[in-house]
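Notes to accompany the following structure.
The values are calculated or read from the model by the stated rules, or taken from the named source; none is laboratory data. Values in this document were obtained by computation on a predicted structure and should not be read as measured data. When we count neighbours, we look across all protein chains shown, and the Cβ atoms used for this are built from the backbone with ideal geometry, even at glycine. Keep in mind that these areas ignore ligands, DNA and RNA; they rest on the heavy atoms of the full protein, side chains included. Shrake-Rupley method; radii C 1.70, N 1.55, O 1.52, S 1.80 Å.
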Amino acid sequence: MRPRQGFTLFELLLVLVIAGIVMTTVVPSIAGSFAQTQLQRAATVIAADLQLAYSMAARQRRPVRVTIDTDDKVLRVLNFESPDTTYSERWFSSDSEQPVQTLGASPTTLVVYPNGLASGGLTITLGAADDVRVIDMNRAGQVRVRDE
């Protein structure tokens, strides 16, 4: 009797079925965690840009304007007196580095003064898949990112 070489067709099909079952359970959870990671990264970038607005106002000794375009999903940090001067511009549309599905803000425009205070508080809501992140900033510039 010769030793057996290779695998039978039944053994190969059985391995493919088991691999398919494992993939159908693993792939959705990986995709969900990837979306959560992107959303958290976008929230962290927005928090950093809000801190940038405070530091630019203090460094320039002039007010800085923060505008959020919720339709185009853009956050801009601009010179208050000369809006043509842009300090930072971040896009969060589907073809950007930090894509989000929804971007909401209340209010959409904020002025940061050189004395370290802003014209008011700010709340930004980001959404992707079934996950939501909320960025709250008070008038004194304290920023908090939280899940909703």
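So that you can scan it fast, the table gives a plain yes or no per residue for (1) surrounded by 10 or more Cβ atoms within 10 Å (Cβ to Cβ); (2) within 20 Å of the chain's Cα centre (by Cα):
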residue: Thr8; (1), (2): no, no
residue: Leu12; (1), (2): yes, no
residue: Val15; (1), (2): yes, no
residue: Ile18; (1), (2): yes, no
residue: Thr24; (1), (2): no, no
residue: Thr37; (1), (2): yes, yes
residue: Arg41; (1), (2): yes, yes
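Assess whether Arg4 counts as being open to solvent by 90 Å² or more (accessible area, probe 1.4 Å), under 30 Å from Asp130 (Cα atoms) and out of contact with any strand residue (DSSP E or B) (no Cβ under 9 Å at 6 or more places or on another chain).
Judged against the criteria, Arg4 is not a match.
This table checks each residue for (1) β-branched (Val, Ile, Thr); (2) under 19 Å from Thr37 (Cα atoms); (3) within 14 Å of the chain's Cα centre (by Cα).
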{"position": "Val66", "(1), (2), (3)": "yes, no, no"}
{"position": "Asp69", "(1), (2), (3)": "no, no, no"}
{"position": "Arg76", "(1), (2), (3)": "no, no, no"}
{"position": "Asn79", "(1), (2), (3)": "no, no, no"}
{"position": "Phe92", "(1), (2), (3)": "no, yes, yes"}
{"position": "Leu110", "(1), (2), (3)": "no, no, no"}
{"position": "Gly116", "(1), (2), (3)": "no, no, no"}
{"position": "Leu122", "(1), (2), (3)": "no, no, no"}
{"position": "Asp131", "(1), (2), (3)": "no, yes, yes"}
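Before we move on, is Gly120 farther than 23 Å from Asp147 by Cα and either open to solvent by less than 50 Å² (accessible area, probe 1.4 Å) or not charged (D, E, K, R) (or both)?
Working: farther than 23 Å from Asp147 by Cα: no; either open to solvent by less than 50 Å² (accessible area, probe 1.4 Å) or not charged (D, E, K, R) (or both): yes.
Taking the combined requirement at face value, the residue does not satisfy it.
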Conditions (1) over 17 Å from Asp136 (Cα atoms); (2) surrounded by 10 or more Cβ atoms within 10 Å (Cβ to Cβ); number of the one not met by Thr67: (1)
Exclusive hit being open to solvent by less than 60 Å² (accessible area, probe 1.4 Å), within 24 Å of Ala129 (Cα to Cα) and hydrophobic (A, V, I, L, M, F, W, C), set Ala57, Ala47: Ala47
Quick test for you: out of Leu52, Leu126, pick the one residue that is within 21 Å of Arg146 (Cα to Cα) and touching a residue at least 60 places away in the same chain (Cβ under 8 Å). Leu126
Being closer than 12 Å to Ile46 by Cβ, among the basic types (Lys, Arg) and touching a helix residue (DSSP H, G or I) at 6+ places or on another chain (Cβ under 7 Å) is true for just one of Arg76, Arg90. Which residue is that? Arg90
